[in-house]
Structures are given as C-alpha cells and as structure tokens.
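Working notes for the structure below.
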Amino acid sequence: MNILAVDDEAVTLSRVKHYLKKWGYNILTAGNGVEALEKFLSEDIDIILTDWIMPEMDGPELIREIHNNSKRYVYIILLTSKRETDDLVSALSEAGADDYIVKPFNPEELQARVRVGERTVLLERKLREYNNDLENTVRMQTRIIRQTQEETIFRLLSALEARDKETGGHVRRIGLYSARLAKAAGWTQDKIDDILIAASMHDIGKIGVSDSILCKKGRLTEAEFEIIKSHTIIGGRILGNSKLPMLQIAHDIALYHHEKWDGSGYPCGLIGEQIPEAVCIVALVDVYDALGQGRIYRKALSEEAVLAKMYEERESHFNPDLFNIFTELIPEFRDIAKNNP
C-alpha cells in the first residue's frame, strides 16, 4: 500500500513517515501541494495524508486536483489543527476528503484511520473490478444479441432473395453503405449499429407483392406499378408498433424510402425535413446500388452514369447535405460493393 504524506511542517512530516514505515507501508513525502500533485501523477498512490494549510497549494485544493486527475480510487485523510465542527464538515463535504485527523495526532488514531483507508481502498477497487467485469460481460452479451438479430433478419430476408434474385446482395450492401454514411454524418455508434440492420429491411414489404409483378421482365403497367409501390405500406405494417429503436428505424425506412426531398415521392409525399434522416440515408444508397446493378427489366448503369443521374436529382430527390457527404464516400462504397457481390 503506497501512501503519500504531505505537510510543510518538517516535524509533523517526519513523525508521520516514521510511524507509517514502522507499520509496513511504502511512504512518499512532499512539503507542499504542488510537489505532492507532481508525485501523485507520477506514482501509484493508494492513500494520501495531507495538511490543510500549506503554501502554494493548500490541502483542499490539492484534493480537488487529485479528484480531477485520477481515475483510480484514492483514500484521502486531511491533517488539520482546526477543531471546529464547521471546518471538519467543510473538509469532508466541500474539499472531498474521506477522513480527517486533528493535529497533534495520536499514533494509535493515525494507525486506525489508515487501516480504515486501506480496507476501503481494497474494497473499492474490488468493486470497480467487479463492475468492469460486469460491463465487459454485458457488452459481450449485447454483441451476441446484436449478431443473433442480424443473422436472423438476414436469414428471413433470404425469403425475398429466393423470389427476387437481386435482393440478397443488395440488402447486405444497403446496410453497409447506410452505416458508413451514418457514421460520416456524425451518428452515435448505437444508432449506426441500428441502421446497419434496419436499412437491410427497406424492401421487406416486397414479400407481399406477387411473383408475376415482382419478377416481370417487361415494363410494368400503371396498375402494376401501383401494386409495386404498395411494398412501402406493407413493409411499414410488418415493422410497425415496435418498442425496439432498431425496428422503429426499420419501420420508417421501409415505409418512406421512396419519398423525395421535393415531396414528389410516395407513399405520403413528405417534404424536406419531414423525412427522417435515416430514410434520407437509405434513399441515397438504395438508388446508388440499384442503378449500378443489372435487373431483369434493364441493364446496369456505369458508376459515372449513376452519379451523373443522381447529381441531377440532388436537390429534388435527395437531402442535399447528405448528398455532399455521400459523394465523398464513393471510393469506400466501391470497396463495399466489391466485397459484397
């Protein structure tokens, strides 16, 4: 147990050092608060005994600096000649000391209070170690749950892939593109993790569209196109009324991912900021990926042609601010597409 004793009175400091060494503690000393703070920051200190009134930096100020600069728990005992109740309350509550000893001190009292400090330090550190282990366990379990959710969702989406051969790779890429764009837009990691999965469910409503329309090679009739458009409503119904944040995001994406910034989209004709940011993210990457991939009813466009077409619609179809961020990420999107065919 390492103890730092701080006092500008040489006699008091010598007595403290004598007794603590006698009781088997490792002792460091300092003659003022500034020197003590330097030693504290360079050594592993467990307990501090500090005088109240000292030049350059007094005891309470030293205690505050220690609390501000240490992540480890340190037990602090304030040595003081002040005996008034208000002073002692101030030492414990305002300065942040754990205990105090009135000078001149009795060796037996000093030993008893230091031993209390030693037990407290050991218990506190065991508690912190337990909490760290618990946090690590929770994080690990959270990762397992997240991985289970992701795998389950992708396996369920394979039902779409069996009907619509383009869907499988597309849904994986949309999730990865969306997560990267969300990160660049400043989202928190929790929300990024959510959109990674939620974006992949953007077309889940297609499960309610008949094969004859979904897989039609020719141009759709106006009536057939209206049926295709209904996949947004179907997806919203499938994912609606959930209390899980990830599924709430997925609901918005499934329902609104064909909305346009100027209000000309479907199914609700939302305009501008009415469209949730998650939806705006998916709208961008969905168009980017869909136009760059061949479909049964059309050939794939080159990336140059895709970006040119999207640029023409940057203010009518897309959130302009997100569009600017999106264009900076194109090299990364190419790598994602290459690794997720």
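The values are calculated or read from the model by the stated rules, or taken from the named source; none is laboratory data. The structure presented is a predicted model; accordingly, all values stated were derived computationally and were not measured. Cβ coordinates were reconstructed from backbone atoms using ideal geometry, including for glycine residues, and neighbour counts include every protein chain displayed.
Laid out as a table, the results:
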{"read-out": "Residues satisfying the stated conditions in the stretch 234-249, i.e. assigned to a helix (DSSP H, G or I) and more than 22 Å from residue 272 (Cβ to Cβ)", "value": "234, 235, 237, 238, 239, 245, 246, 247"}
{"read-out": "Pairs where the first residue, in the stretch 239-261, is in contact (Cβ under 8 Å) with a residue 12 or more places away in the chain and more than 24 Å from residue 290 (Cα to Cα) and the second is in a helix (DSSP H, G or I) and of a type in the set (Asp, Glu), C-beta under 6 Å, 6+ apart", "value": "245/194"}
{"read-out": "Any chance residue 20 is among the aliphatic types (A, V, I, L, M), within 16 Å of residue 99 (Cβ to Cβ) and touching a Ser or Thr at 6+ places or on another chain (Cβ under 9 Å)", "value": "no"}
{"read-out": "Selected residue [in a helix (DSSP H, G or I), in the same structural domain as residue 333 (by TED's automatic domain parsing) and either closer than 30 Å to residue 331 by Cα or under 33 Å from the mean Cα position of the chain (by Cα) (or both)] from 213, 228, 207, 197", "value": "197"}
{"read-out": "Residue match in the stretch 85-94 (condition: closer than 25 Å to residue 16 by Cβ, loosely packed, with under 10 Cβ neighbours inside 10 Å and modelled with pLDDT under 90)", "value": "yes"}
{"read-out": "Residue satisfying condition, being farther than 30 Å from residue 218 by Cβ, out of contact with any strand residue (DSSP E or B) (no Cβ under 8 Å at 6 or more places or on another chain) and part of a loop (DSSP other than H, G, I, E, B), within set 270, 301", "value": "270"}
{"read-out": "Criterion: in a helix (DSSP H, G or I) and either charged (D, E, K, R) or without any contact (Cβ under 8 Å) to a residue 12 or more places away in the chain (or both) - qualifying residue of 315, 332", "value": "332"}
{"read-out": "Failed criterion for residue 216 (all others in (1) modelled with pLDDT under 95; (2) crowded, with 23+ Cβ neighbours inside 10 Å hold)", "value": "(2)"}
{"read-out": "Subset of the stretch 188-202 [of a type in the set (D, E, K, R) and either surrounded by fewer than 23 Cβ atoms within 10 Å (Cβ to Cβ) or without any contact (Cβ under 8 Å) to a residue 40 or more places away in the chain (or both)]", "value": "190, 191, 193"}
{"read-out": "Subset of the stretch 6-47 [closer than 18 Å to residue 81 by Cβ and within 40 Å of the chain's Cα centre (by Cα)]", "value": "33"}
{"read-out": "In the stretch 259-310, the residues that are β-branched (Val, Ile, Thr), touching a His at 6+ places or on another chain (Cβ under 8 Å) and within 16 Å of residue 336 (Cβ to Cβ)", "value": "282, 287"}
